[in-house]
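Colleague: Below is a structure I'd like to ask you about.
Bear in mind that the values in this text are calculations on the coordinates, not laboratory data. Just so it is clear, the model here is predicted, and its values are computed rather than measured. We place every Cβ from the backbone using ideal geometry, glycine too, and count neighbours over all the protein chains shown.
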Amino acid sequence: MTISPNIPVIAIDGPSASGKGSVAQRVAAALDFHYLDSGAIYRLLAYAAQLQEVAWSDAERLALIASHMHIKFAGNDVFLNQSLINDQIRSEHMGKGASEVAIHPQVRAALLHCQQQFKQSPGLVADGRDMGSVVFREAGLKIYLTAAVETRAQRRFQQLITRGDHADYAVILADLQQRDLRDQQRPTAPLTQLPDAMLVDTTEMNIQQAVDMIISTYKKTL
Ligand code: DC
């Protein structure tokens, strides 16, 4: 595997619970590309900070932790400094923590290179909030994947219930609205639909329809 400027990148950005992760993973599998879940990196930082009793507001110490994180993805498994970390970062609490640590410019700068390392041959599908605007500005295809907030809350609710977790629709909806605002209104690398990004709204669309739309658009760019 080699890093080269000619390696294709598909950047998929969008709000929480829009289905980006599932869509991006399927697109990557269909094209035989690598997949980067950049949200997992911010979640890992929130988790590592909590373990070390560093506040999610402490930008300097967070940036220091971020610069020493060794991250590896293997299928659905995530390793932080050689330890397997999975369910611990997938909670609503760590989603909130990720959104809080992500507001600090020092943290984002410390994690930039680590994310760019995932651009490997034969190609990359990267999902997050700033894949097309900052991390992979050069991406040949940029997607803004979203859905109505009520639909996203309903999907997250179903996901938690299916997993056997406690879930309260009203709380999930309020959390998502708060997270959207935090991600969209931060001064550094806010979540936004770029003028050159294609809008994919999955409110009335299932995952496979979104995947098919992205793959056919990608093939037209070749
Ligand atoms: O995609 P996710 O829900 O796992 O992301 C969790 C949080 O991490 C999200 O609310 C904001 C932050 N994040 C970010 O700021 N930039 C990214 N590229 C990915 C995630």
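Colleague: Listing D130, D201 from the residue with the fewest other Cβ atoms within 10 Å to the one with the most, what is the order?
Modeller: Details: D130 24, D201 15.
By the 10 Å Cβ count, ascending, the order reads D201, D130.
Colleague: Report the residue, chosen from T203, T162, T188, that carries the largest GNM mean-square fluctuation when the chain is represented by alpha-carbon nodes joined by springs under 10 Å.
Modeller: T162
Colleague: Right, here's the next one. Label-point separation (nm) for A55 and A170, each offset 7 Å from Cα along Cα-to-Cβ?
Modeller: With each label point 7 Å from Cα toward Cβ, the separation is 3.1 nm.
Colleague: Calculate the length of the line joining the C-alpha centroid of the stretch 62-112 to that of the stretch 199-216, in whole Å.
Modeller: 28
Colleague: Any idea what Rg and Dmax come out to for the stretch 67-183 if you just take the C-alpha atoms, in Å?
Modeller: Cα only, the stretch 67-183: 15.9, 43 Å (Rg, Dmax).
Colleague: Next question, about the same structure. How much length is gained on full extension from Q185 to R137, taking 0.36 nm per residue of separation minus their Cα-Cα distance? Walk me through the numbers on the way to the answer.
Modeller: Working: separation 48, 0.36 × 48 = 17.28 nm, distance 2.00 nm.
Extra length available between Q185 and R137 comes to 15.3 nm.
Colleague: Give the calculated FRET efficiency between L194 and A29 to the nearest 0.05, with a Förster radius of 22 Å applied to their Cβ-Cβ distance. Before the final figure, lay out the partial values.
Modeller: Details: r = 25 Å, r/R0 = 1.14.
The value I calculate is 0.30.
Colleague: Could you give the dipole magnitude of the chain about its Cα centre, charging the beta-carbon of Lys and Arg +1 and that of Asp and Glu -1, in debye to the nearest 20? Write out the running numbers ahead of the final one.
Modeller: Details: 21 positive and 23 negative charges, 72 e Å.
Approximately 340 debye in magnitude.
Colleague: Once you order the gyration tensor axes a ≥ b ≥ c over the Cα atoms, which shape class does the stretch 1-142 get: rounded for a/c under 1.5, otherwise prolate or oblate by comparing a/b with b/c? Display every interim value, and only then the final one.
Modeller: Numbers: a/c = 1.68, a/b = 1.56, b/c = 1.08.
Taking the square roots of the gyration eigenvalues as a ≥ b ≥ c, the stretch 1-142 is prolate.
Colleague: Under 10 Å, Cα contacts only: if you run a Gaussian network model on the chain, which one of I89, I41, I207 comes out with the highest mean-square fluctuation?
Modeller: Its mean-square fluctuation being the largest, the pick is I207.
Colleague: Go ahead and run the numbers for FRET between I207 and A148, Cβ-Cβ distance against an R0 of 22 Å, rounding to 0.05.
Modeller: That pair, I207 with A148, gives E of 0.90.
Colleague: So which residue, out of H70, H113, H166, gets the largest mean-square fluctuation from a GNM of the chain using Cα contacts under 10 Å as springs?
Modeller: Top of the fluctuation ranking is H166.
Colleague: May I ask you to derive the FRET efficiency for T217 and S121 from their Cβ-Cβ distance with R0 = 22 Å, giving the value to the nearest 0.05?
Modeller: Values: r = 22 Å, r/R0 = 0.98.
Here the calculated transfer efficiency is 0.50.
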